[in-house]
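Below is one structure, written out as structure tokens, with a few remarks after it.
The values are calculated or read from the model by the stated rules, or taken from the named source; none is laboratory data. For clarity, every value in this text was computed on a predicted model and none was experimentally measured. Cβ coordinates were reconstructed from backbone atoms using ideal geometry, including for glycine residues, and neighbour counts include every protein chain displayed. Just so you know, the surface numbers come from the protein's heavy atoms only, side chains and all, with ligands and any DNA or RNA stripped out. Shrake-Rupley method; radii C 1.70, N 1.55, O 1.52, S 1.80 Å.
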Amino acid sequence: YCPDEGMSLFNSSCNAGFFCPSGSYSGSAVACFQGFYCPSGSGYPHPCLPGTYQNLSGQSSCIDCPSTGYCAFTFAVASSLNLTRCPRGHFCLAGGYMPVPCVAGTYAASEDATSCVVCPNGTFCPLEATSIPSVCPRGYYCAAGSVLPSACPIGTYGNQSGLSAVQDCSMCPSGWYCSSAGATAPTQKCRAGIMCVSGANQSDGAGDAGGSSGQSGYCPAGSYCPSGASAPTVCPAGSYCVEGQVAPSLCEVGTYNPLPNQTACLTCPAGYICRPAGVVDYTQGKVCPVGHFCSIGLQNLEAGRCPRGTFSNATGLVDILQCRPCPAGMYCVEPGLSAPTGLCSGGYYCSGGSAEANASACDSRLVCNGSACGSCGGVCPVGSFCPAGSSEPTACGAGQYCGIAGLAQASGPCDAGYFCGSTGGWTARPDGGVFGFGRCPAGRYCPAGTVVPVACPRGTYSSTVGNRNLSDCVACPAGFYCPDEGMTNGSIFRCSGGYYCPAGMTADSPAAFGCPKGFACPVGSKAPVQCASGFYDESGLSASCTECPSGYFCPGRANESSGRAVCPQGHFCVAGVSAPSACPLGTFSSSTGMSGCSSCPVGYTCSVAGTSSPQTCPAGFYCPAGTSDPVPCPIGTYSSRTGMSQVTDCVMCPSGWYCTDVGQLAPARKCRAGMLCLSGANQSDGTGSMAGAAGQQQSGPCPAGSYCPSGASAPTACPPGTYCLEGQGQPSPCEVGTYNPDPSQTSCRTCPAGYNCRPSGVVNLTAQYLCPVGHYCPAGLRNLEAGRCPRGTFSNAT
């Protein structure tokens with residue numbers, strides 16, 4: 001600036017905080033503006049640089065933006081602090097105008113950072129400007145400052161996230177292998193037959209030497225390695241194992257192994273069967289079973305079965321000769337039996353060693369020069385029988401016969417009419433040629449199977465031979481008796497008198513067959529003879545009967561202890577009758593033992609023959625003495641009482657009613673309207689019969705001037721205002737135009753002129769019936785319309 005006049009040089013610098021444009025004469029010419037700075041000697045203001053600002057005027061320098069943020073570059077004047085916070089993933093320095101991103105492997109988790117932090121163990125920061133580290137994934141590890149995760153090597157795995165060193169990776173466990181880097185779990189179990197130790201990376205016996213730890217190899221002989229084996233398992237007893245075996249091999253049938261860790265099995269000794277496979281101790285439940293023999297090392301139990309015709313119920317046999325022959329009476333059809341199959345078939349016998357139920361095959365061990373030696377039974381011979389299970393034939397028993405060979409039981413009993421008294425019978429009808437066999441003799445009978453003929457019992461006899469049944473013994477004829485057994489002819493005795501002998505009696509006076517009361521039994525009677533009609537017997541054991549007395553009847557049958565019966569009620573009995581006689585109609589008998597009947601009393605009826613109690617005469621009827629048919633009350637009368645004895649007991653039909661039929665219990669009905677019914681009327685139409693019970697007058701029409709409603713017993717006078725003709729049931733009201741002031745009239749009077757008699761039934765000509773105003777009423781006017789004053793006229797008078 002040039003502070004003085006007339007200066008030829010300028011050598012004065014403008015003051016700091018001011019700027020001096022051309023022609024300035026003061027060192028503080030113009031104060032520096034806000035957002036600008038003016039160092040000493042400034043000819044113009046300088047704008048604040050990016051990252052700085054100035055909020056005051058007259059300043060020689062600008063202020064740096066604080067390190068807690070940055071002042072973003074802008075073309076506007078920086079006259080105030082425009083601070084933006086430093087973002088996460090970045091850091092900011094003092095005077096900065098933009099944030100600096102964190103490099104990979106570092107991070108800034110919060111705003112306003114002034115520096116970045118190294119990514120911690122177990123995490124990685126793969127990009128610039130990382131604000132949050134990424135957790136190291138499973139199968140990897142991440143050291144501090146890691147940009148990318150490092151894979152767990154083969155033979156290891158990482159099943160957790162956030163690992164920070166290779167040592168944090170887990171060794172592959174024994175029995176497993178890990179074949180790839182970065183594994184999160186073992187690859188899989190070690191394959192069967194291979195053994196994998198910790199850190200194995202293969203499962204084929206050739207593990208990688210560069211693995212983290214060990215490797216794998218084949219399972220040793222005497223042991224086995226299942227899938228996933230980490231160590232060999234000792235081969236158990238009852239099995240054997242060769243090198244590389246997955247599982248133990250069971251000892252084959254016919255061998256055993258009592259020890260572990262073996263590579264082969266032992267041969268089973270004789271007397272034992274080592275089966276199924278895997279036998280440990282042949283003495284424990286492996287003894288040769290019943291029905292078998294077991295040679296050394298027997299593999300197929302079928303080859304050790306006892307042959308047909310034999311069996312064995314013992315265990316531990318070592319030779320075929322130890323099998324037992326089938327016992328007598330039984331057979332053993334299948335090989336390998338522990339007990340006989342069953343009993344020898346009926347009709348055959350089995351003596352021992354039979355292989356069939358009919359002994360057609362024997363124990364195959366019984367051979368002589370290549371052929372069967374001896375017999376083991378056969379078919380049962382004639383005269384004998386063989387039940388199932390026979391060891392030898394059985395002779396046919398006494399009373400039986402065996403007619404053919406091969407019988408399981410006797411053919412049957414000897415035929416009826418014959419006897420077989422000994423054993424070994426061969427025919428049903430022996431002819432007597434052999435002692436103890438023959439035809440049944442006379443006086444005897446022989447049922448089927450008879451050993452000793454049976455004598456005909458007392459009361460019977462027989463004169464023929466060959467009798468078959470007791471029925472062939474003939475009963476002693478009726479009227480006779482047979483006292484001895486085995487009688488052969490008609491040595492017959494007559495039955496004693498007073499007794500009767502049915503066929504087959506053994507005594508002449510059998511107590512059970514004494515002649516009963518009401519019967520007679522002469523000597524030699526076959527049966528009691530009933531007393532004839534009109535006779536009786538009251539003592540029993542009689543030869544004749546007595547005539548029946550009066551008051552009794554004797555029907556000829558023993559229905560009473562004496563053979564006679566008391567004459568019953570309603571009947572009479574004279575001497576010598578066989579049946580009671582019923583009392584005739586109109587009579588009765590109320591007691592028993594009567595010889596005659598009584599006449600029916602008055603007021604009662606005896607309407608059936610044999611009456612024992614008279615019946616009361618019914619209502620509507622009367623009954624004189626000796627009545628068998630009640631007499632009805634005549635028409636015009638009735639009766640509701642019972643027990644009447646004469647017609648005068650019937651009641652006359654009351655006035656106002658009529659009785660049309662005989663035997664009525666009450667009047668028929670009321671007299672109909674318009675009719676008059678007097679006492680004893682039998683009709684209601686005026687034509688009643690004059691034959692009334694007491695000759696009373698009957699019925700007729702109601703007289704003129706009166707009316708008779710239904711049931712009228714007297715006429716009723718017709719009232720004023722009405723009229724009544726003959727036979728009228730109700731009075732008729734006087735028609736319109738008429739009136740009637742008197743009772744008992746048969747017609748009505750004509751209404752006089754000047755009156756209007758309406759409605760019907762007018763009695764007297766009172767003021768209410770005067771001809772009304774506007775009308776005129778001639779005599780007998782019926783229609784008031786006809787009495788209206790004509791048009792053009794009027795009347796105000798009545």
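Note on segment 716-729: among residues that are among the hydrophobic types (A, V, I, L, M, F, W, C) and assigned to a loop (DSSP other than H, G, I, E, B), the one that is most open to solvent (accessible area, probe 1.4 Å) is Leu725. Does Arg275 count as open to solvent by 30 Å² or more (accessible area, probe 1.4 Å) and touching a helix residue (DSSP H, G or I) at 6+ places or on another chain (Cβ under 8 Å)? Yes.
Filtering segment 311-370 to residues that are farther than 30 Å from Ala410 by Cβ, in a loop (DSSP other than H, G, I, E, B) and open to solvent by less than 40 Å² (accessible area, probe 1.4 Å) leaves Ser312, Gly316, Leu317, Cys323, Pro335, Gly336, Leu337, Asp363. Scanning segment 508-531 for residues that are touching a residue at least 40 places away in the same chain (Cβ under 8 Å) and part of a loop (DSSP other than H, G, I, E, B) yields Pro516, Lys517, Gly518, Gly524, Lys526, Ala527. On the given criteria, is Ala405 part of a loop (DSSP other than H, G, I, E, B), buried (at least 18 other Cβ atoms within 10 Å of the Cβ) and not charged (D, E, K, R)? No, not satisfied.
Can you find even one residue in segment 493-507 that is at pLDDT 85 or above, assigned to a strand (DSSP E or B) and more than 30 Å from Ser463 (Cβ to Cβ)? No: segment 493-507 contains no residue that is at pLDDT 85 or above, assigned to a strand (DSSP E or B) and more than 30 Å from Ser463 (Cβ to Cβ).
Take the conditions charged (D, E, K, R), within 30 Å of Leu541 (Cα to Cα) and either in a strand (DSSP E or B) or touching a residue at least 12 places away in the same chain (Cβ under 8 Å) (or both) and apply them to Asp415. Does it pass? No; evaluated as a whole, the condition is false for this residue. Here Ser8, Ser40 are screened, and the one residue that is open to solvent by 60 Å² or more (accessible area, probe 1.4 Å) and over 15 Å from Gly58 (Cβ atoms) is Ser8. Summed over segment 641-688, residues that are in contact with a strand residue (DSSP E or B) (Cβ under 8 Å, 6 or more places away or on another chain) and part of a loop (DSSP other than H, G, I, E, B) total 29.
I need the full set of residues from segment 609-632 which are polar (S, T, N, Q) and in a loop (DSSP other than H, G, I, E, B), in order please. Within segment 609-632, Thr611, Ser612, Ser613, Thr627, Ser628 meet the criteria. Within segment 639-670, restricting attention to residues that are of a type in the set (A, V, I, L, M) and open to solvent by 30 Å² or more (accessible area, probe 1.4 Å), the residue that is farthest from Pro624 (Cα to Cα) is Ala668. Of the residues Ser699, Ser684, Ser713, the single one that is open to solvent by 30 Å² or more (accessible area, probe 1.4 Å) and modelled with pLDDT under 90 is Ser713. For segment 548-568, state whether one or more residues are open to solvent by 40 Å² or more (accessible area, probe 1.4 Å), closer than 19 Å to Gly479 by Cα and among the hydrophobic types (A, V, I, L, M, F, W, C). Looking through segment 548-568, none of the residues is open to solvent by 40 Å² or more (accessible area, probe 1.4 Å), closer than 19 Å to Gly479 by Cα and among the hydrophobic types (A, V, I, L, M, F, W, C). The criterion of being surrounded by fewer than 21 Cβ atoms within 10 Å (Cβ to Cβ), modelled with pLDDT of 90 or more and closer than 26 Å to Gly342 by Cα does not hold for Asn261. In segment 467-476, the qualifying residues are those that are in contact with a Cys (Cβ under 9 Å, 6 or more places away or on another chain) and either free of Cβ contacts under 8 Å to residues at least 40 places away in the same chain or not in a loop (DSSP other than H, G, I, E, B) (or both), and the one that is most open to solvent (accessible area, probe 1.4 Å) is Leu470. Restricting attention to segment 17-32 and to residues that are crowded, with 19+ Cβ neighbours inside 10 Å and in contact (Cβ under 8 Å) with a residue 24 or more places away in the chain, the residue that is nearest to Ser60 (Cα to Cα) turns out to be Gly17. If you check Cys268, Cys306 for being within 30 Å of Asn358 (Cα to Cα), of a type in the set (A, V, I, L, M, F, W, C) and crowded, with 16+ Cβ neighbours inside 10 Å, only one passes: Cys306.
For Ala625, the stated conditions do not hold, so it cannot be described as modelled with pLDDT under 90 and closer than 30 Å to Gly551 by Cα.
Under the condition of being crowded, with 18+ Cβ neighbours inside 10 Å and not in a loop (DSSP other than H, G, I, E, B), which residue from segment 422-466 is nearest to the chain's Cα centre (by Cα)? Looking at residues that are crowded, with 18+ Cβ neighbours inside 10 Å and not in a loop (DSSP other than H, G, I, E, B), I get Thr450.
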